[in-house]
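Quick notes on the structure that follows.
The values are calculated or read from the model by the stated rules, or taken from the named source; none is laboratory data. Computed from a predicted model, the values in this text were never measured in an experiment. Virtual Cβ from ideal backbone geometry, glycine too; neighbours counted across all protein chains shown.
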């Protein structure tokens, strides 16, 4: 069964410092991995995805994520955090072997709240 | 990225009434649409998946007669909460995806439903 784990409920970072939001996954086939951000009372905004190719994926708002197959991880990173980055971040996975119906949908982690202090 | 809209953004209704939420993909054809429910400080729970012109596939534990989903076109899906009760109060989010499995899902802004 597919699953995603975000081990941290909350990550606190000072503005200007690098940030990392952790994500590990489990799928039976090759993973398609995604990061989304959610601001209060809003839907999810797409940040980046890994399908194939370069393990380092660059996305929106200066975020990037590194796919590590041996560690089954896809941690989200940013070199210098901004206060405006404070939000809820979701990692998601889709099994490349699944398609159609509910098997083709994303499986989400429980989310990690990022708090960036000035 | 592509835009998905939801209407209304919030709704308050009396217990026993029905509420319809619309989800539209504004600039792409959404072969598949998803409906999620999110409780406070929790992740998204998939309720159902619908493909245009087909009946929706509901996740286990989701009552299909209570949460009616219609995906009449490639740009519109609706979720109707029938005979709503206070426990149905939640944040409902729709999502749309294009034709291939590598396509990312684009999410609507969500609808806050409060049932009195």
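General remarks:
- Residue within region A:60-68 that is more than 13 Å from the chain's Cα centre (by Cα) and in a loop (DSSP other than H, G, I, E, B) present: no
- Candidate set from region A:49-58 (those that are under 27 Å from residue B:110 (Cβ atoms) and modelled with pLDDT under 95); member that is surrounded by the fewest Cβ atoms within 10 Å (Cβ to Cβ): A:51
- Screening A:116, A:93, A:37 for residues that are assigned to a strand (DSSP E or B), surrounded by 14 or more Cβ atoms within 10 Å (Cβ to Cβ) and touching a helix residue (DSSP H, G or I) at 6+ places or on another chain (Cβ under 6 Å) leaves exactly one candidate, A:116.
- Output for region A:14-34, where each listed residue is touching a helix residue (DSSP H, G or I) at 6+ places or on another chain (Cβ under 8 Å) and part of a strand (DSSP E or B): A:19
- Test: residue in region B:67-82 that is more than 8 Å from chain A (Cβ to nearest Cβ), closer than 23 Å to residue A:88 by Cβ and either in contact with a helix residue (DSSP H, G or I) (Cβ under 9 Å, 6 or more places away or on another chain) or crowded, with 18+ Cβ neighbours inside 10 Å (or both): yes
- Filter pass, residue A:110 being part of a loop (DSSP other than H, G, I, E, B) and under 16 Å from the mean Cα position of the chain (by Cα): yes
- The residue that is nearest to residue B:9 (Cα to Cα), counting only those in region B:88-116 that are out of contact with any strand residue (DSSP E or B) (no Cβ under 7 Å at 6 or more places or on another chain) and in contact (Cβ under 8 Å) with a residue 24 or more places away in the chain, is B:98.
- Among the residues of region B:1-23, those that are part of a strand (DSSP E or B) and either free of Cβ contacts under 8 Å to residues at least 12 places away in the same chain or within 13 Å of chain A (Cβ to nearest Cβ) (or both) comprise B:4, B:5, B:6, B:7, B:10, B:21, B:23.
- Enumeration of residues in region B:26-37 that are at pLDDT below 90 and touching a strand residue (DSSP E or B) at 6+ places or on another chain (Cβ under 8 Å): B:26, B:28, B:30, B:31, B:32
- Here B:18, B:43 are screened, and the one residue that is closer than 24 Å to residue A:38 by Cα and touching a strand residue (DSSP E or B) at 6+ places or on another chain (Cβ under 9 Å) is B:43.
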